[in-house]
Each structure stands twice: as structure tokens, then as C-alpha cells.
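Take a look at the structure below.
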Amino acid sequence: MLVGITGNIGSGKSTVSNILKSLGYRVFNADIIGKKILLKGRRGYKAVVREFGTEILKEDGEIDTKKLASMVFSDKKNLDKLTSITHPLILEEISLIKRIYTNSIVFVEAAVLFEYGWQKLFDFVVLVFAYKGQRFLRASRRFGLKEVIRRESFQLPYEKKLEYSDFLICNTENVLHLKEQVLNLVHYLEELET
């Protein structure tokens, strides 16, 4: 069973993923998959360098993903170019994960799951919710407020995501409350598996 975990920036997707890992579940991250396919020698590397130029490379020849991110999140056309290269490769990896782990519950964290129509790959989708103020405060510590606002502008509002989600986890209180919801979720999914 393949379960997607999504939510807007700062919602707590990674915290939910970490709880699931601590419970012994396999959790993959679409962003990490995306970064791996951009490594030198991997299929996305040449196409991205060809599209964005050698100025995105670090001294060791690897793609500077922070530099690339600042280019694509400031220009929708650049974002579209990047996703047209990377998303088919990420989807291949997720499909492979689904085929390999057919007899267990596996999770994939993906921030843009609904934005790009990936939900059809998953058996179920879990939406992690937090209030805008909470999310911006959390994410600003990592990215800065200006970057959070910019990234948020590329994401669908919660009302839309909720329409397509199978489960909702509210990350509006403390970690204990969050863990309780995650435990309830996996208990339900385990019941479905038997």
C-alpha cells in the first residue's frame, strides 16, 4: 500500500514522516528523490544543466540545488522547465517504490502531490494541516519569510487539497497530539491490509 503525505509549507509533513519512521515504517521523500536524480551521472543531471546552464554548478561539478531553487521559485517559466525534466523521473522512482513494496505500507512525503496530479499514484493521501501563522513561523526559521511566501504561492490552498485527501492530520497542537493521530492512522491502514 502506497500512502502519500502532503500539506503546505511548514505544515509538519516531515514531523509526521519522522514519527512514521520511528514506528518502523518506510518513508520516502519526493524532494530527496528529486535531488538524487540531479546528481552527476544520474538521468536528470545533463538535461537540467543543458536547460539552466553551467552557472548552477558548484566547484565539484554537482548542481547547486539552492541556486537552482532560487532560480525556479522566482520565475514560473523556470519552474515549469525544471518540473518537465524532473517530475517524470520522480514519478518513475515512486512507481518503482510501489512495485517493490507491494506487501507493506510505505509512505511518500510530497509537498506538490496535488499540484501536479500525483494523487493517482497513491492508494491513499494524508493531508497534514496547520494554520497559516503556525506554518509561516515554522518555515521562516528555515527559509526566511520572503521565501516561505514565495513557495506558498505555488501551492494549492487547503480547501482544494482537502477535496482530494483521504485522511486529515491536524498539526495545530503539540507533538503528542500529532503522534496520537499518526498512530490512529497507521492502526486503520494496518486493519485495511489484513
Tell me which residues, restricted to the range 31-57, are closer than 27 Å to Ser14 by Cα and charged (D, E, K, R).
Asp31, Lys35, Lys36, Lys40, Arg42, Arg43
Residues of the range 104-161 being in contact with a strand residue (DSSP E or B) (Cβ under 9 Å, 6 or more places away or on another chain) and among the β-branched types (Val, Ile, Thr), which ones?
Ile105, Val106, Val108, Val112, Val125, Val126, Val128
Cβ-Cβ under 8 Å, sequence separation 6+ or interchain: first residue in the range 43-59 and among the hydrophobic types (A, V, I, L, M, F, W, C), partner not in a helix (DSSP H, G or I). Which pairs?
Val48/Leu38; Val48/Ile63; Val49/Leu57; Val49/Ile63; Ile56/Ile63; Ile56/Asp64; Leu57/Ile63; Leu57/Asp64
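If you scan the range 158-170, which residues turn out to be touching a residue at least 12 places away in the same chain (Cβ under 8 Å) and farther than 18 Å from Leu23 by Cα? Reasoning before the result, please.
In the first step, residues of the range 158-170 are kept if they are touching a residue at least 12 places away in the same chain (Cβ under 8 Å); the result is 158, 160-162, 164-170.
Hits for the range 158-170 are Tyr158, Lys160, Lys161, Leu162, Tyr164, Ser165, Asp166, Phe167, Leu168, Cys170.
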Strands (runs of 3 or more DSSP E) lying entirely in the range 88-194 (those with 2 or more residues that are open to solvent by 80 Å² or more (accessible area, probe 1.4 Å))
none
Output for Cβ contacts, cut-off 7 Å, separation at least six or different chains, first residue modelled with pLDDT of 95 or more in the range 22-34, second open to solvent by 40 Å² or more (accessible area, probe 1.4 Å), reads Arg26/Tyr101; Val27/Lys21; Ile33/Glu93
Just name the residue that is most open to solvent (accessible area, probe 1.4 Å) out of those in the range 31-85 that are among the aliphatic types (A, V, I, L, M) and in a loop (DSSP other than H, G, I, E, B).
Leu39
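The values are calculated or read from the model by the stated rules, or taken from the named source; none is laboratory data. Model, not experiment: these values are computed from the prediction. Neighbour counts run over all protein chains shown; Cβ positions are idealised from the backbone, glycine included. Keep in mind that these areas ignore ligands, DNA and RNA; they rest on the heavy atoms of the full protein, side chains included. Shrake-Rupley method; radii C 1.70, N 1.55, O 1.52, S 1.80 Å.
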